[in-house]
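Visitor: Input: one structure, supplied below.
None of the figures in this text is laboratory data; all of them are computed from the coordinates on show. For clarity, every value in this text was computed on a predicted model and none was experimentally measured. When we count neighbours, we look across all protein chains shown, and the Cβ atoms used for this are built from the backbone with ideal geometry, even at glycine.
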Amino acid sequence: MHLFSWPSCIRHRRNTHFFTNCNCKHSLFTKSRELTIKSVSIAGSLGSSCITKIDAYAIEKTESTLRELCKGHVPDHVISRAEEVGYVVPTDVQREALPVLFSGRDCVLHAQTGSGKTLAYLLLIFSVVNAKRSAVQALIVVPTRELGIQVTKVARMLAANSSELESDHKSCTVMALLDGGTLRRHRSWLKAEPPAIVIATLGSLSQMLDKLTFKLDAMRVLVIDEVDFMFNSSKQVSSLRKLLTTYSSIHMRQTIFASASIPQHRRFLYDCKQQKWTKADVVHVHVNPVEPMPSCLYHRFVVCGKTERHSTLLHLLRSDAPQSAIIFVGEQSEKSKNAGNPSPMSLLVEFLKTSHIECSEIILLEENMNFNERAASLADVKLGGGYLLVSTDIAARGVDLPETTHIYNFDLPKDAVNYLHRAGRTGRKPFSDGKCFVTSIITSEERFVLQRFENELMFHCEKLLL
Ligand SMILES: Nc1ncnc2c1ncn2[C@@H]1O[C@H](COP(=O)(O)OP(=O)(O)OP(=O)(O)O)[C@@H](O)[C@H]1O
């Protein structure tokens, strides 16, 4: 055990909490209970002498590999597929969650954006489903079609036969049942040869369940991704409760909730047990509770007048010269729509296109596009090369574009949770220490809003002078 010398203000350690004798009332939390200290930061109001970020030290941590973690649980060909695409070393949430998941316990995966929660629950699913069984055995529910397309892609990649050696192996079938799809084809597929794994948006799933064309009696794993969003969006919450308590029972399934943000998580865990959304012994795997956002993110803000937002953004794009960036724009108000005004998105894209910025591709993604246009937009982004994605918050949850290095809040998000998820669209390379930038363009009246986000999410936002 090689403990390095803690700052003098650290008085002593009890279990996994550190107490200080500073009068600035802050305390230091380790990241997890195995005394593994990867990087901890001092939370709370800090006296200047103590602002130190204690650098990464692993105490007694022998790095395990994904293959070792999954041994005896996940079929070898699935692990080989994961290794082929670079998933060799587990991320923190995978290292902490997989042993709990393989034990069969219900689990709430609560870890930063881009930390690998998707792979964690997919590996669990592949350890449970039997490809030879013709029945839906695992169901993953997602809030948006875009996230559903992405999770389906990873699931199908893991399910594919990696080489001829496994050609006798029947690979798991994966169905995407997403809003905007023609459910007729899905109905015949479900009747003929039910897939082992289904990824669904709640709207499409509810339609199929209500029409009894979708049977859950063989379901062994139910995953609700972006769970806080699902419970908070009024359109979906009644269907979600029905799915959790009527269409299936907690005793017949392993339930997994995943999100990077679970506001008032103690209350949520209490509700999970009370409402019988999960079993009473559900495990809350909370990785890095003192840093809700990845430490590689560098937060900045620029103050400008209401009419200077476009020119300020243009200045930032020219000085940052990002190869791949996402610009988040607020949704158009109903009043503005009814007045027949052009959307802020289209005005901004028009401005950027006529400003000849050095960026190959300006791509638009917003709610009032139809599903095929939305899928085409994201497909354009994934084709490689640089991109400038201009989007509303539809791209804020779960969308995985690892090449993104810059996020611009052209309009501030409506709350801290949305700030966290927008910011989380960058910094998505788990083992890279590359810096990623989150820049907000605000008026002086909005400064207090951003300050509130800083307090809630415990981060510091640097003022940028152009
Ligand atoms: N073990 C791993 N090794 C290397 N890369 C990984 C590993 N696990 C996941 N990744 C990559 O990390 C990125 C983020 O993974 P993922 O989308 O699962 O994160 P997440 O926690 O679900 O994020 P969000 O909360 O934003 O949905 C993806 O590009 C994924 O390919």
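Visitor: 5 Å is the cut-off here: which amide hydrogens, built 1.01 Å from N in the peptide plane, fall below it relative to Val89, excluding neighbours closer than 5 in sequence?
Guide: Here the answer is Leu66, since their amide H atoms fall under 5 Å of that of Val89.
Visitor: Which entries of Lys71/Lys435; Lys242/Lys279; Lys215/Lys429; Lys71/Lys117; Lys242/Lys429; Lys71/Lys273 have Cα-Cα distances beyond 27 Å here?
Guide: Over 27 Å Cα-Cα: Lys71/Lys435; Lys215/Lys429; Lys242/Lys429; Lys71/Lys273.
Visitor: Let me ask something else. Would you report the distance distribution of C-alpha pairs in the range 201-246 as whole percents per 5 angstrom bin, up to the bin with the largest distance?
Guide: 5, 19, 33, 27, 12, 4
Visitor: Hey, fewest Cβ within 10 Å first, where do Cys304, Cys107 land in order?
Guide: Listing Cys304, Cys107 from fewest to most nearby Cβ atoms yields Cys304, Cys107.
Visitor: Can you put Arg156, Arg145 in order of Cβ neighbours within 10 angstrom, beginning with the fewest?
Guide: Listed from fewest to most nearby Cβ atoms, that is Arg156, Arg145.
Visitor: On to the next question. Under a Cβ-only charge scheme (Lys and Arg +1, Asp and Glu -1), can you give me the dipole magnitude of the range 238-377 about the Cα centre, in debye to the nearest 20?
Guide: 780 debye
Visitor: Sequence-distant or interchain residues sharing an amide H contact under 5 Å with Gln254, placed H: which?
Guide: Val221, Leu222
Visitor: Here's another thing I want to ask about it. I need Tyr247, Tyr408, Tyr419 ordered by Cβ neighbour count within 10 Å, fewest first.
Guide: Ascending number of Cβ neighbours within 10 Å: Tyr247, Tyr408, Tyr419.
Visitor: Right, next: How would you order 293-303, 252-262, 392-402, 331-341 from highest to lowest mean count of nearby Cβ atoms within 10 Å?
Guide: Taking the mean over residues of other Cβ atoms within 10 Å, the ranking is 252-262, 392-402, 293-303, 331-341.
Visitor: Convex hull over the Cα atoms of the range 109-148, averaged projected area in nm²?
Guide: For the range 109-148, the mean projected area of the Cα convex hull comes to 3.6 nm².
Visitor: In sequence order, what are the phi-derived ³J(HN,Hα) couplings for the range 419-433 according to the Karplus relation 6.51 cos²θ - 1.76 cosθ + 1.60 with θ = phi - 60°, rounded to whole Hz, with x for glycine and proline?
Guide: My calculation for the range 419-433 gives 4, 4, 6, 4, 4, x, 7, 10, x, 9, 10, x, 10, 9, 9 Hz in order.
Visitor: Of the options Gly305, Leu316, Leu347, report the single residue whose Cα projects farthest towards the positive end of the charge dipole of the range 301-402 (beta-carbon charges: Lys, Arg +1; Asp, Glu -1).
Guide: Gly305
Visitor: While we're on this one: Return the Rg/Rh ratio of the range 350-466 with Cα-based radii and a Kirkwood Rh.
Guide: 0.96
Visitor: Moving to a separate point now. For the range 275-371, what are Rg and Dmax over the alpha carbons, in angstrom?
Guide: Radius of gyration, then largest Cα-Cα span, for the range 275-371: 19.6, 58 Å.
Visitor: Measuring from centroid to centroid over Cα atoms, what is the spacing of the range 423-462 and the range 62-139 in Å?
Guide: After rounding, the separation between the Cα centres reads 30 Å.
Visitor: Return the long-range amide H neighbours of Val283 (sequence gap of 5 or more, or a different chain), with a cut-off of under 5 Å between placed amide H atoms.
Guide: Asp106, Cys107, Val108
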